[in-house]
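Working notes for the structure below.
The values are calculated or read from the model by the stated rules, or taken from the named source; none is laboratory data. Remember, predicted model here, so these are calculated numbers, not experimental data. Ideal geometry is used to build each Cβ from the backbone, glycine not excepted, and the neighbour counts take in all protein chains shown. Accessible surface is based on the protein model in full, side chains and every heavy atom, while ligands, DNA and RNA are left aside. Shrake-Rupley method; radii C 1.70, N 1.55, O 1.52, S 1.80 Å.
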Amino acid sequence: MPESPKVRSVARTQDRILASDLFEAKSHTLPPRNGRGVYHETGRDVPVYHRCDVLVIGGGPSGCAAAYAAARVGADVVLLERYNHLGGLSTGGLVIWIDRMTDWEGRPVIRGFAEDVLDRFPKDAVAGPEPADWGSRDPALAAYWGQRTAAFHGIVSWAPTIDPERLKLISQEMLLGAGVRLVFHSWAALPIDHGGRVGGVVFESKAGRQALMAKVVVDASGDGDVFARAGAAFENDIEEGDVHHSMNTAFMLAGVDMNRWLAFRRGEPEQFSAFMKLGREQLGFFQPPYVSWRNDIALFLGPRQSGLSALDVDDMTEVEIRSHRFMLQHCDFFRAHAPGFEHAFMLESAPQLGVRHTRRLAGVGRVERGQWSSGVPFADEIGVSPSVSPKFPVISVPYGALVPLKLDGLLACGRHISCDANSHGFLREIPQCWLTGQAAGAAAALAADRGIEPRRVDVKELQRLLKAQGVFVREHATEPVAS
């Protein structure tokens, strides 16, 4: 374990609704690298694997939504994914808590693909409040769901926890049913550059290096890998003290009684405080659990570590090494000291690193903190996000936030869309990734069909198409703003 970690507690504010401990420790377990010089790679011909209308890079929440939306328009779609499943952080990252999709009155605003997916879940694979309770300010209901990650600021929200294996299968079958070609176990290495326009990617797999050619590429990598390597402008400012810019590998413990744990946490505050103090003293890095979709499984989305970069392979390796140690240490500690954890055992650590922030596109449009108070829809609105506090109305997301300033042939979606650092704190969440992914996929299909650049897509036509797919899109400055 790294020595003497510094602990910061992130306060709950109107801009940051998730309170958490952050642990700063920049030392590394492995010795420094000794690499130097360069290796010259000789030129070679690369075989073309496939040609398509729309190529989606990354099968996380935004990539799944993009591929599904584009295929529903009639495009020939390929989705390239480095892991063996779909869902990204919502499955492989074990981020099984799906953040809020309702406004502060309980009205669903993130719809479309989000509803298409969640409506396919059987009742035993999803846990959350019933629609009749969305928006409730009843203190008892809010207290109950507040312990189960589905009530904020005393208001019940639609923010379920889900079975990640079920989401993998549902996502897979939805995309296959829509006609999407899936390519697993493959990593996009380089964009194919046609003089300021992306025409596909070169990717690596067990078959070696191959090319995928496309009329439009959707970068849903989460880190902006394609647009960054293609030369598009981006921002990568990271606030080390912000929970939204930390990393971790999530894990689950089974054999627990979460109802008993929650009763202890809420009903015995002094004992819980002493328990947390003991955990920090004994383990240094320490994190309490979240609920899952089952009472006998506990979710740990931490400990969250700052001062490390998800663009540095050594830093990423360090987080993984620490996190696997944390899992065993937490299991042993909770089994010895936590009510409801007497028979806990290690169930699974996430195969995918929990990354919150790396790059953000510099787009022709942008979501900014100064916009939060107005609630006015952008003329090119492609979806609506819940706000971080009842103090603010819902927040309009513009199509321009998906479009690079100069680079053609490409759209971005997911956690790396164009926004400021504060807005990124909620735009990176899974429902917002579904929202921007669906818009990017539909727009990419329109551009491919019309033979135009994505920046030339008729926004009104795109909005009509998104509405037909069930997305909540308002008319510019004419419809009342939900609050």
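Data table
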| quantity | calculated |
| --- | --- |
| Complete set of residues in segment 407-459 that are part of a loop (DSSP other than H, G, I, E, B) and closer than 28 Å to residue 161 by Cβ | 413, 414, 415, 416, 417, 428, 429 |
| Test: residue in segment 43-54 that is open to solvent by 40 Å² or more (accessible area, probe 1.4 Å), without any contact (Cβ under 8 Å) to a residue 12 or more places away in the chain and of a type in the set (Ser, Thr, Tyr) | no |
| All positions within segment 54-110 that are part of a loop (DSSP other than H, G, I, E, B) and closer than 21 Å to residue 472 by Cα | 98, 99, 100, 101, 103, 104, 105, 106, 107, 109, 110 |
| Candidate set: segment 193-216, residues that are at pLDDT 95 or above and closer than 17 Å to residue 454 by Cα; chosen: the one surrounded by the most Cβ atoms within 10 Å (Cβ to Cβ) | 216 |
| Filter pass, residue 114 being touching a residue at least 60 places away in the same chain (Cβ under 8 Å), assigned to a helix (DSSP H, G or I) and surrounded by 24 or more Cβ atoms within 10 Å (Cβ to Cβ) | yes |
| Residue selected from segment 117-145 under the condition among the charged types (D, E, K, R) and touching a strand residue (DSSP E or B) at 6+ places or on another chain (Cβ under 8 Å), by the criterion least open to solvent (accessible area, probe 1.4 Å) | 133 |
| Flag for residue 378 being touching a residue at least 24 places away in the same chain (Cβ under 8 Å) and within 20 Å of residue 290 (Cβ to Cβ) | no |
| Of all residues in segment 146-172 being surrounded by fewer than 21 Cβ atoms within 10 Å (Cβ to Cβ) and outside any loop (DSSP other than H, G, I, E, B), the one that is nearest to the chain's Cα centre (by Cα) | 168 |
| Neighbours by Cβ (under 6 Å, 6+ apart or cross-chain): first from segment 456-470, surrounded by 13 or more Cβ atoms within 10 Å (Cβ to Cβ); second of a type in the set (D, E, K, R) | 459/380; 470/111 |
| Pair list, Cβ < 6 Å and 6+ apart or interchain, from segment 22-40 residues that are under 26 Å from residue 304 (Cβ atoms) and basic (Lys, Arg) to residues that are modelled with pLDDT under 90 and open to solvent by less than 100 Å² (accessible area, probe 1.4 Å) | 26/307 |
| Single residue of segment 242-271 satisfying the filter (more than 30 Å from residue 358 (Cβ to Cβ) and of a type in the set (A, V, I, L, M)) that is surrounded by the fewest Cβ atoms within 10 Å (Cβ to Cβ) | 263 |
| Hey, residue 421 surrounded by fewer than 19 Cβ atoms within 10 Å (Cβ to Cβ), aliphatic (A, V, I, L, M) and at pLDDT below 95 or not | yes |
| Residues (under 30 Å from residue 234 (Cβ atoms) and free of Cβ contacts under 8 Å to residues at least 24 places away in the same chain) located in segment 272-314 | 312, 313 |
| Options 67, 127, 132, 159: the member that is of a type in the set (A, V, I, L, M, F, W, C), modelled with pLDDT of 95 or more and touching a Leu at 6+ places or on another chain (Cβ under 6 Å) | 67 |
| Filter pass, residue 427 being out of contact with any Ser or Thr (no Cβ under 6 Å at 6 or more places or on another chain) and open to solvent by 10 Å² or more (accessible area, probe 1.4 Å) | no |
| Residue in segment 316-325 that is touching a helix residue (DSSP H, G or I) at 6+ places or on another chain (Cβ under 9 Å) and either among the hydroxyl-bearing types (Ser, Thr, Tyr) or open to solvent by less than 10 Å² (accessible area, probe 1.4 Å) (or both) present | no |
| The listed residue being closer than 26 Å to residue 117 by Cα and either touching a strand residue (DSSP E or B) at 6+ places or on another chain (Cβ under 8 Å) or among the small types (Gly, Ala, Ser) (or both), out of 427, 405, 465 | 427 |
| Segment 412-435 residues that are touching a residue at least 60 places away in the same chain (Cβ under 8 Å) and under 18 Å from residue 228 (Cβ atoms), paired with ones that are in a helix (DSSP H, G or I) and among the aliphatic types (A, V, I, L, M) (beta carbon under 6 Å, 6 or more apart) | 412/402; 413/66; 413/402; 413/440 |
| Filter result (basic (Lys, Arg) and either farther than 26 Å from residue 406 by Cβ or touching a Pro at 6+ places or on another chain (Cβ under 9 Å) (or both)) within segment 352-382 | 356, 366 |
| Pairs where the first residue, in segment 140-161, is more than 21 Å from residue 294 (Cβ to Cβ) and the second is of a type outside the set (Lys, Arg) and assigned to a loop (DSSP other than H, G, I, E, B), C-beta under 6 Å, 6+ apart | 142/154; 152/17; 153/390; 155/104 |
| Conditions (1) part of a helix (DSSP H, G or I); (2) more than 21 Å from residue 88 (Cβ to Cβ); number of the one not met by residue 200 | (1) |
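Residue by residue, here is whether (1) in contact with a helix residue (DSSP H, G or I) (Cβ under 9 Å, 6 or more places away or on another chain); (2) without any contact (Cβ under 8 Å) to a residue 40 or more places away in the chain; (3) among the hydrophobic types (A, V, I, L, M, F, W, C) holds:
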{"site": "218", "(1), (2), (3)": "yes, no, yes"}
{"site": "222", "(1), (2), (3)": "yes, no, no"}
{"site": "225", "(1), (2), (3)": "no, no, no"}
{"site": "231", "(1), (2), (3)": "no, no, no"}
{"site": "248", "(1), (2), (3)": "yes, no, no"}
{"site": "256", "(1), (2), (3)": "yes, no, yes"}
{"site": "260", "(1), (2), (3)": "no, no, no"}
